[in-house]
Each structure stands twice: as structure tokens, then as C-alpha cells.
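Participant: A single structure is presented below for examination.
The values are calculated or read from the model by the stated rules, or taken from the named source; none is laboratory data. A quick note: this is a predicted structure, and the numbers were derived from the prediction, not measured. Note that we place each Cβ from the backbone using ideal geometry, even for glycine, and neighbour counts take in every protein chain shown. Remember, those area values only see protein heavy atoms, side chains included, never the ligands or the DNA or RNA. Shrake-Rupley method; radii C 1.70, N 1.55, O 1.52, S 1.80 Å.
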Amino acid sequence: MTEPNRRRRRALAAAGLAGATALGSLAAVEASSHREAPLIAEDPVADNTDVYAFVSPDNPDTVTLISNWIPLEEPAGGPNFYNFGEDVLYEINIENDGDAVDDIVYEFRFTTTIQNPNTFLYATGPITSLTDPDFNLRQTYSVTQVVDGVRTELGTGIPVPPNRVGPRSTPNYADLANAAITTLPNGVEVFAGQRDEAFPVDLGSIFDLGGLRPLNEAHLIPLPNEPGRNATNGYNVHTIALQVPTDMLTTDSDYFDDDDGTTHEQAIDAIAKAGITMGTGGRNYSPAVNINRGQLARFLVNALDLPATTVDSFDDDETNLFEADINAIAAAGIVQGCGPRAYCPTDPVSRAQMATFLVNAADLPASSVDAFSDDNGVLQEADINALAAARVTLGCTTGRYCPTNPVTRAQMASFVQRAFNVPDAGENPVIGVYSTTYRRATRVFVDGDSSQPMNSGDWVQVSRLGGPLVNEVVVPLGLKDAFNASETTGDAAFLPLVTDPELGRLIELLYPGITVPPPPRNDLVGIFLTGLPGVNQLPNGQATEMLRLNTSIPPTGTDPNAQNPLGLLAGENDGWPNGRRLIDDTVDIALQAAAGATPFTPEFNRAPNNQLSDGVSGNDLPFLTTFPYLAHPHEGYDS
């Protein structure tokens, strides 16, 4: 099998996105990803509908990953009920180091067999087990794990439970579904099959010029207020679910690419995780570059969290980027400058000078031990000895400190980590999750026979989904198909569509009297592209459209039905936009966020902005309290 090119999928053109006219409408809020783009609407078995990622409530040392396909399945849709596509490659992708490139991929391929081709019946009698001869049309699947390009087949011939037809064909359906939960050799649990549709949304009202039934009277075209109607009640989807030990998904923190393998890499990652440095741009730290006195001031201010000061201590730093930091360390008594009202901000920092800065900043005690032989008579000898006694330095070689040598940015990281006892970065708990679907490049009807099409060529991405509502709310109609074909490494290109969203303008237009924050909407960037600072954002992580989950944040309770649908807005830090739980009402959260009703724009976090809602929340069936958590599907007989 020719695997997809994971680093060269087609990316959205920056010019096309930046200059695109927002052609969508508020109706795009309607479904997480149900028929969200023109081409994929014609291909439901390949259509991603929702992605969920959350710390398992009953097993918090694991993460549950769920992706759904085939939107709005009518339970009674026989005699040819719904199935995964045999000619489709389904994927769940994990990115764990912030570079927007997949680190772990789970691939799923399905095979269909018919036991008795001489009947139209899906079931020729009651199906009482997954191997029952009466289970006529069956599917099995394989699971392949790809880690940094290395492929491992985890299982083949794994059974898919039948569609839930009715009490005669599929009695004791829960037993059938539970029998399909499979533990793979690496300890991962997997399930693939039909489930209840869990996404709450009032499609009928929102598609009607952005109507919100509870606020009908406030609409530009008013109607009487009424409760919302959940349009997905009674429908099913097809689900692929994984429950993976957390330590299989996370990785050691690695914030930069240009320090890999260097002596000071561990210290660099430590001070990056602590927020002391953001690097020099992108995923670069420039470890071999010498540090200057202005940059040193920024390191110390961040390490000590020093307050700003209005006192201007020096004259030669007036136009320097680090002037505020220089004044802050002067006010803290860390530095007196290099001369009368001079700081020399662009001068390099010698190792001897570094000793004085750190002794003053960390308040290190003096030492009577003469640690090095090459600093005798040096002005900063006492500070060098104090640094050595505190184990902040071991010198440059045995018995020597090299006091006149300049300090590189890499060495600075180690000095800072040791002087201020900055803990190692350890594991990075934040992962990015999204799913993709592929089809072969070519489909041929041989000799005009459409009953046996042949598929060949490379795999081509036809659907993509991470965070809810992005291809609906953010991406305009003319680019939706291109977005489904795009690679995550190009996602920064549509930043302008996030910082000036059409949805916010439409809220003001359709609901006169409501005002929303003006662009640039930097408050939305964390929700849709980067993760939220202090919650699920990686320092120096690239802006990418995917769910971001901080796996170190524990779940709210053990019952997914008891969680608050407003997630993070309601103070539950394990809820969307930190990952996504089954209960999370992403429509209401997105509406309120677009209106500015979040802590990031407190002046807009007021009524009616924080009351925007389609009036639909929760699910029509209770979620399960164990994997795979989604409720069993609705029965065709009851539809």
C-alpha cells in the first residue's frame, strides 16, 4: 500500500486565504462537520463529522480519541444499511511536539464480506454474536500505527458490530457492540461501528438565516421565541474510537529544532517550558549565538517575574527592544550599569560578568573556596567562586572558568536553570488531534461495468477535521474543498480569517444591538489555532487547526453525563477548547466566543453576548460511563 505523504499534502495558498472574501454565513455554525464542504457532501462514507479527544473519565491514565463519519444516518435506512468504505483510508492523527507534522498516526482499512449473496436481507435471522451465520453483511478492519514514519500493524480481522436494525435482527444489541471492543497487543483499546449521533445543534433554525429560536424576537427578521430543537436526535453515525495510554501519546518536551543534540538542550527546554524564553523565532533558539546585555535583562526579568518600573535608569538604551527589562533589573538592584547612566545593551556578556548578574539576581552567598585557577585578579572573582559553590557552574574545563569568554544563548540556558532551580521540562502533556480521510487517486469502471469499480494510484486526502466548526465558521465557501485537502503545516495562512471572522460581523448584523470585539480578534486565535496560554498552548508551537488537549488536566468527575456542556467557559478546564468531550456544546461556546463573551475580552462578556445559544444542549440518549462512551445507536425499528 502506498501510504499518504504526511509532509507534502497540499497546503492552502497563503495569498488565496489572506485575500479571500468571507462567503459563508452564520448557518455555518450548524454542524461540527456534517456536509461542510461541497465535494465531501457527495461522499458521506468519507465525511468526517466530529472529532473528540479527552482524558478518559473512568481511566484517567488514558486518553480517548473518537472520530465519526457518515453524517445523519437514518436508523431505518435499509435494506442496505450504513458501512465504512472499503475503498477509504481512515486516519486519526496525533501531533505532540508543536511542529504541525504528524508524530503518531492510526490507520484503519475495512473489508466487507457477504455470507449469503442470494438474499437481500442484511440479517437472515437474529444476530446473537459477531460470528453468527445470520449476520449476513459483515465488516472487519485492520489497524496500523505509524510512529515517526515507522509502520506497525496492530491488528487485522477485527470485527465491526452490525447496524442496529431492530429487536428481531439485532436483539441484545449492547452485547454485540461490547463484544467488538478489542484490546490491541500494545494495550490500546479500539472500537469501530455504529453509534448514536452526539452533536447537539438546531440545524433547522440556524440554516434559516442564522436563526436562534430562543432569540427569535431579537433577529433582524423576527419570529416568536421558542425552545431549540436538536436536529440530530434519533440519528446515528459510524465511529472509530481509541483509548490509548497517555504516555504513548506524549513526548519529552522539545521546544526548538535547532538545539537537538546540543549539550544544553535539556536546559533550553526547561527555561522554555518555564516561560523564560520564547526563542528567536519559529522553532529556533539560536543556541550558538552570543547573548548581549539587553537580552540578558529579558532572561532575568522572566526568570524572576520582576515588575515593571517607571524609573529610567540609563541613557543608552532609549531605543533598545529590552529597555523596560533593563530598567526592571536596575530597579531590583541586579545591575548598576557599565558606566555613568550607561548600560551598554548591545555589548556581549562575558562569563565573568554573567557571574555577577546571577549572584545578584539569585542572591547567592559568598564562598571562601577558590574554585578556578584562571580567574585570579579578575574583578568578578568572588562572584565566580559564589557561582561555583552554588553548583551553578563547573567551569569551562577542569579547574578553569574562562572568565573572558562570551556567553552563548545555550550556555545562558544552563546558567539560568541552575541559578533559579528551574525544573526539567519533562514530558510535554499537550497533544494535537485531528482525523483525515483518503481515497485512491483513480477510480475506473472497467469495460463500462459499474458493479466492480477499480481503485488505484496514490492516496488523496478528501476530508479533514480537528477542532469543531473551523471549516464551517472560519473558512469561506470558496475554500472549503481546498481546506479538506490541505496539510496542517499551512494553517497559519488563514490567520486573517480568524482575526477578522465573518461570524462576528454576522452576529451584529442579524441581531441588532449586539456588539462584538473589533478586529484583530486575537482572542480567537487561541481557540482555533494555537491553544490557550496556560491551558493547552505549547510555547513556539505552530498555529494549526486541530484539537489541542492538555493530558495533565484531570477529568471533571467520572460520569460524562454530569459534566457542564459549556466546558472551559463554565470553569471545567478539561472541556472544549481544551480537547473536546462528548457533552461539550460547541455551538453555544463558539457563538459566545465569537461575540467576545470570554475572559479574554471581559468588556464583552455580558448579556446578551454570553447568552447566545441555539437552545439545544445535551444528548437524547445518556452517554456510557465506559469506553467507547458514545451511546448505542438508535434502532431502525423504533424510527
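Participant: Take the conditions under 27 Å from Leu532 (Cβ atoms), open to solvent by 10 Å² or more (accessible area, probe 1.4 Å) and either in a helix (DSSP H, G or I) or touching a residue at least 40 places away in the same chain (Cβ under 8 Å) (or both) and apply them to Asp458. Does it pass?
Facilitator: no
Participant: What's the number of the only condition in (1) hydroxyl-bearing (Ser, Thr, Tyr); (2) over 25 Å from Val301 (Cα atoms); (3) surrounded by 18 or more Cβ atoms within 10 Å (Cβ to Cβ) that Thr356 fails to meet?
Facilitator: (2)
Participant: When segment 512-559 is examined, which residues are found to be among the polar types (S, T, N, Q), assigned to a loop (DSSP other than H, G, I, E, B) and within 9 Å of the chain's Cα centre (by Cα)?
Facilitator: Result: Asn536, Gln537, Thr544.
Participant: Just to be sure, is Leu510 at pLDDT 90 or above and under 29 Å from Asn284 (Cα atoms)?
Facilitator: no
Participant: Looking at segment 361-380, I want the residues that are closer than 27 Å to Leu306 by Cα and among the aliphatic types (A, V, I, L, M) and have a partner that is outside any loop (DSSP other than H, G, I, E, B) and at pLDDT 95 or above with Cβ atoms under 6 Å, at least 6 apart or on another chain. Which pairs are those?
Facilitator: Ala361/Leu300; Ala362/Ala419; Leu364/Ala386; Ala366/Ala386
Participant: Of the residues Thr442, Thr393, Thr437, which single one is under 30 Å from Phe108 (Cβ atoms) and touching a helix residue (DSSP H, G or I) at 6+ places or on another chain (Cβ under 6 Å)?
Facilitator: Step by step, each of Thr442, Thr393, Thr437 is checked, and only Thr437 is under 30 Å from Phe108 (Cβ atoms) and touching a helix residue (DSSP H, G or I) at 6+ places or on another chain (Cβ under 6 Å).
Participant: Please go through segment 203-226 and pick out each residue that is of a type outside the set (Val, Ile, Thr) and within 30 Å of the chain's Cα centre (by Cα).
Facilitator: Result: Leu203, Gly204, Ser205, Phe207, Gly210, Gly211, Leu212.
Participant: With respect to Arg439, determine if the residue is out of contact with any Phe, Trp or Tyr (no Cβ under 9 Å at 6 or more places or on another chain), open to solvent by 40 Å² or more (accessible area, probe 1.4 Å), under 29 Å from Ser67 (Cβ atoms) and among the charged types (D, E, K, R).
Facilitator: no
Participant: Does Phe372 meet the test of being modelled with pLDDT of 95 or more, in contact with a helix residue (DSSP H, G or I) (Cβ under 7 Å, 6 or more places away or on another chain) and under 26 Å from Ala272 (Cβ atoms)?
Facilitator: No; evaluated as a whole, the condition is false for this residue.
Participant: Need the failing condition index for Asp424 against (1) closer than 30 Å to Thr489 by Cβ; (2) buried (at least 17 other Cβ atoms within 10 Å of the Cβ), just the number.
Facilitator: (2)
Participant: Among what's in segment 27-39 and is crowded, with 23+ Cβ neighbours inside 10 Å and of a type outside the set (Gly, Ala, Ser), pick the residue that is modelled with the highest pLDDT.
Facilitator: Glu36
Participant: For segment 486-502, what are the residues that are open to solvent by less than 10 Å² (accessible area, probe 1.4 Å) and either touching a helix residue (DSSP H, G or I) at 6+ places or on another chain (Cβ under 8 Å) or of a type in the set (A, V, I, L, M, F, W, C) (or both)?
Facilitator: The answer is Asp491, Phe494, Val498.
Participant: To continue, here is another question. In segment 572-616, what count of residues is obtained for those that are open to solvent by 40 Å² or more (accessible area, probe 1.4 Å), at pLDDT 95 or above, part of a loop (DSSP other than H, G, I, E, B) and farther than 20 Å from Leu215 by Cβ?
Facilitator: The number of residues fulfilling the criteria is 1.
Participant: Let me ask something additional. Note down all Cβ pairs under 9 Å where the first residue falls in segment 439-452 and is in contact (Cβ under 8 Å) with a residue 24 or more places away in the chain and within 19 Å of Leu89 (Cα to Cα), the second is in a loop (DSSP other than H, G, I, E, B) and among the small types (Gly, Ala, Ser), and they're at least six residues apart or on different chains.
Facilitator: Correct list of pairs: Arg439/Gly85.
Participant: Related question: Just one of the numbered conditions (1) closer than 30 Å to Leu506 by Cβ; (2) touching a strand residue (DSSP E or B) at 6+ places or on another chain (Cβ under 8 Å) is not true of Pro200; which one?
Facilitator: All conditions are met except number (2).
Participant: Which residue pairs have Cβ atoms under 7 Å apart, sit 6 or more places apart or on different chains, and have a first residue in segment 546-558 that is open to solvent by less than 20 Å² (accessible area, probe 1.4 Å) and a second that is basic (Lys, Arg)?
Facilitator: Pairs found: Leu547/Arg580.
Participant: Right, here's the next one. State which residue is most open to solvent (accessible area, probe 1.4 Å) when the search covers only segment 325-335 and only residues that are over 14 Å from Phe299 (Cβ atoms) and aliphatic (A, V, I, L, M).
Facilitator: Ala331
Participant: Now for a separate question. Counting only residues that are surrounded by fewer than 17 Cβ atoms within 10 Å (Cβ to Cβ) and hydroxyl-bearing (Ser, Thr, Tyr), which one in segment 299-324 is nearest to Leu358 (Cα to Cα)?
Facilitator: Thr309
Participant: Can you tell me which residues in segment 255-286 are within 27 Å of Gly490 (Cα to Cα), in a loop (DSSP other than H, G, I, E, B) and not small (Gly, Ala, Ser)?
Facilitator: Tyr255, Phe256, Asp257, Asp258, Asp259, Asp260, Thr277, Met278, Thr280, Arg283, Tyr285 - these are the residues of segment 255-286 that are within 27 Å of Gly490 (Cα to Cα), in a loop (DSSP other than H, G, I, E, B) and not small (Gly, Ala, Ser).
Participant: Tell me, yes or no, whether segment 341-351 has at least one residue that is open to solvent by 70 Å² or more (accessible area, probe 1.4 Å), of a type in the set (Ser, Thr, Tyr) and either touching a Pro at 6+ places or on another chain (Cβ under 9 Å) or modelled with pLDDT of 95 or more (or both).
Facilitator: yes
Participant: Filter segment 246-262 for residues that are open to solvent by 30 Å² or more (accessible area, probe 1.4 Å) and out of contact with any helix residue (DSSP H, G or I) (no Cβ under 7 Å at 6 or more places or on another chain); which is nearest to Pro185 (Cα to Cα)?
Facilitator: Met248
Participant: Pull out all pairs, ordered by first then second residue, where Cβ-Cβ is under 9 Å, the residues are six or more apart or on different chains, the first lies in segment 326-338 and is within 12 Å of Val311 (Cβ to Cβ), and the second is assigned to a loop (DSSP other than H, G, I, E, B) and among the charged types (D, E, K, R).
Facilitator: Ile326/Asp317; Asn327/Asp312; Asn327/Asp317
Participant: Can you name the condition, by its number, that Thr319 falls short on among (1) at pLDDT below 95; (2) in contact with a helix residue (DSSP H, G or I) (Cβ under 8 Å, 6 or more places away or on another chain)?
Facilitator: That leaves (2) as the condition not met.
Participant: So if I check each of Ala231, Ala180, which one is out of contact with any strand residue (DSSP E or B) (no Cβ under 7 Å at 6 or more places or on another chain) and of a type outside the set (D, E, K, R)?
Facilitator: Just one listed residue meets the conditions, Ala231.
Participant: May I pose another question? Quick one: what pairs do we get from segment 207-225, first residue at pLDDT below 95 and of a type in the set (Phe, Trp, Tyr), second surrounded by 17 or more Cβ atoms within 10 Å (Cβ to Cβ) and assigned to a loop (DSSP other than H, G, I, E, B), C-beta under 7 Å, 6+ apart or different chains?
Facilitator: Cβ pairs passing all conditions: Phe207/Glu30.
Participant: In this structure, does Leu506 turn out to be in contact (Cβ under 8 Å) with a residue 40 or more places away in the chain and either part of a helix (DSSP H, G or I) or of a type in the set (Asp, Glu) (or both)?
Facilitator: yes
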